[in-house]
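Readers should treat all values here as calculations from the given coordinates under stated rules, not as data from a laboratory. Keep in mind that this is a model prediction, so the values were computed, not measured. Every residue, glycine among them, receives a Cβ derived from its backbone with ideal geometry; neighbour counts consider all protein chains shown.
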């Protein structure tokens, strides 16, 4: 089955689920990169979209995120997603610490690592509210999910936010991004291990070597996997990390900097214009200077 066909199957399943819940839905429209339909309740309308492409399948909702109707449709989709995942064999420990990072590929902004402790009770609660990889959730929704996560896990999380000026200082020290990531993940995880005496840690794999933390805790089982966001604890960590990341960009917007994310040509063009207005010392407080983007703009 192609990605387009899988997306079509999912959009049909979502439409059926919403319709059975008593809400009106209009016909499914297929475009070049997505399938979509509208869920309607009186004058309220929420657009449900499923995109398919190189990055896989992604669900998007468009509407008033603060409305009861939007939240109802979001919950229905989360319930359906849980049903879709039933056949996937994901075995999670009864309790563990999950960690993930955000910002390592962004020229502007901080590097943020979050670690979250979960047990059977909190995992169930997080699953019910639809927690999943932050990359599958829109920025406005991220902040709402973060509030719900914190209401479930209380103080069982740690966030290590490395703002650009500190990031540049640490990169000069480590001379290697993976070593910097190791340091940040270890710092977040260690605080939780000491507080919870947890014996299992799952991290999103970012390098070929084990965390340096492994030797310090020989009785803890450390697991590093690619796409570890399939584990609810790692997914929750990714949402908390991204929320902190977005809050930093919001703070810069208040200062007059509408900074783009990523490291694309658009980012390079913005940086070229910006470097004509501010000094290198000012730039290093908002950007990661070891990126190729900086090498390109300073040579112009």
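Here the contact order of the chain, divided by its residue count and restricted to Cα pairs under 8 Å and six or more residues apart, works out to 20 percent. Segment residue 27..residue 221, full-extension length gain: 64.9 nm, with 0.36 nm per residue of separation and the alpha-carbon distance subtracted. As a proxy for reagent exposure, ranking 9, 251 by other Cβ atoms within 10 Å from fewest up yields 251, 9.
Just want the ordering: 290, 185, 35, from fewest to most Cβ atoms lying within 10 Å of their own Cβ.
Working: 290 17, 185 26, 35 22.
Least to most surrounded, the residues fall as 290, 35, 185.
For the range 234-284, the calculated P(r) over all alpha carbon pairs, in 10 Å bins from 0 to the bin holding the longest distance, is 21, 45, 26, 8, 0 percent. Relative protection proxy for 39-52, 58-71, from highest mean packing down: 39-52, 58-71 (other beta-carbon atoms within 10 angstrom). Exposure proxy ranking for 135, 288, based on other Cβ atoms within 10 angstrom of each Cβ and starting from the fewest, stands as 135, 288.
In the range 1-71, Rg over Rh equals 0.98, where Rg is the alpha-carbon radius of gyration and Rh the Kirkwood radius from pairwise Cα distances. Based on the Kirkwood approach, the hydrodynamic radius assigned to the range 96-250 is 15.4 Å, with every pair of different Cα atoms included.
Considering only C-alpha atoms, what is the centroid distance from the range 90-118 to the range 262-300, in Å? After rounding, the separation between the Cα centres reads 27 Å.
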